[in-house]
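Since the structure comes first, as structure tokens, the remarks are kept for the end.
The values are calculated or read from the model by the stated rules, or taken from the named source; none is laboratory data. This structure is a prediction, so every number in the text was calculated from the model and none was measured. Glycine gets a Cβ as well: all are built from the backbone with ideal geometry, and neighbour counts include every protein chain shown.
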Amino acid sequence: MPKQTPRSADPAKLIGLLWAPSTAVGRTGTTLGAVVVAAVGIADTEGLDALSMRRLANEVGVGAMTLYGYVPGRAELLELMLDSIAGQAYAGRALPRAKRTVRTAIRYIAECNWELALAHPWSVEIPPGRPIVGPGSSQKYEHELEPLDGIGLTDHEMDALLTTVLSMVDASARWQLSLERSRADSALTDEQWWQAAAPILARSMQGLVLPVASRVGTNVASAGDPRVTLEFGLTAVTDVVVARLN
């Protein structure tokens, strides 16, 4: 069973840690930033279940008790990791404000966040919580709000639009990653899975009348496509926003 991924970090300790990544503890010279980079590396390659404080201490090359001098616990560590990858969302690429229209900016923001989620699958396993007021997340928030500013939305609407887009991306990425795990675990393609399941379902559902669900399910005839679903959602949202602003 996966480990719990709480969002219950001590706010006073967390904020101090978020804004002091160059802090070194003891005589090793290792910084908090280096600890976070190592933690992200473990989570990226082995998943959150592999990320224990002892495993991280071994990776960094410090004692387990020394590690607690850098970060007080797993909850704070996860927040630091999320802030770290947030700061990489637009590294080496154009910022959203460079896009010429709100429609292209929204799609660009979604694309960058989709790629970020797939690069760090563990990030979408962590449930939403209070905003992380760290340097990476704060800068990302600024970058993503910039193309929405001055187009006719209120501040609350700008935040709500961005949150809606990011929520759709997170849900779709989580679905995509879950499908990939299911395919790998079963060693079956979606088509092979349906071929095996269809006769059993037909017997189990005999006599059940579901005309609309049956028609749609037959036409879709797959486990679904997270990317297609995301594209539909983005089109729907941007159409409404653009129509309202015109």
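Rundown of residues vs (1) modelled with pLDDT of 95 or more; (2) within 30 Å of Ala75 (Cα to Cα), yes/no style:
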position: Tyr90; (1), (2): yes, yes
position: Thr104; (1), (2): yes, no
position: Leu116; (1), (2): yes, yes
position: Pro121; (1), (2): yes, yes
position: Ile126; (1), (2): no, yes
position: Gly134; (1), (2): no, yes
position: His156; (1), (2): yes, yes
Point to revise | Scope segment 38-63; condition part of a helix (DSSP H, G or I), surrounded by 15 or more Cβ atoms within 10 Å (Cβ to Cβ) and among the hydrophobic types (A, V, I, L, M, F, W, C); matching residues | key: Ala38, Ala39, Val40, Ile42, Ala43, Leu48, Met53, Leu56, Ala57, Val60
Practice item. With the checklist (1) under 18 Å from the mean Cα position of the chain (by Cα); (2) surrounded by fewer than 17 Cβ atoms within 10 Å (Cβ to Cβ) in hand, flag the one item Leu77 doesn't pass. Key: (2)
Revision key, fill the gap. The condition from (1) under 30 Å from Trp122 (Cα atoms); (2) surrounded by 10 or more Cβ atoms within 10 Å (Cβ to Cβ) that Arg215 misses is numbered (1)
Practice item. Tell me which of these Gly69 doesn't satisfy, since it passes every other one: (1) out of contact with any Gly (no Cβ under 9 Å at 6 or more places or on another chain); (2) assigned to a helix (DSSP H, G or I); (3) of a type in the set (Gly, Ala, Ser). Key: (1)
**Study point:** Answer residue from segment 218-246, given it is among the polar types (S, T, N, Q) and surrounded by 10 or more Cβ atoms within 10 Å (Cβ to Cβ) and is nearest to Thr163 (Cα to Cα) among those
**Key:** Thr238
Review point. Can you tell me how many residues in segment 1-29 are surrounded by 19 or more Cβ atoms within 10 Å (Cβ to Cβ) and modelled with pLDDT of 80 or more?
Key: 3
Check your understanding: If you check Ile106 against the conditions, is it buried (at least 18 other Cβ atoms within 10 Å of the Cβ) and within 25 Å of Ala236 (Cβ to Cβ)?
Key -> yes
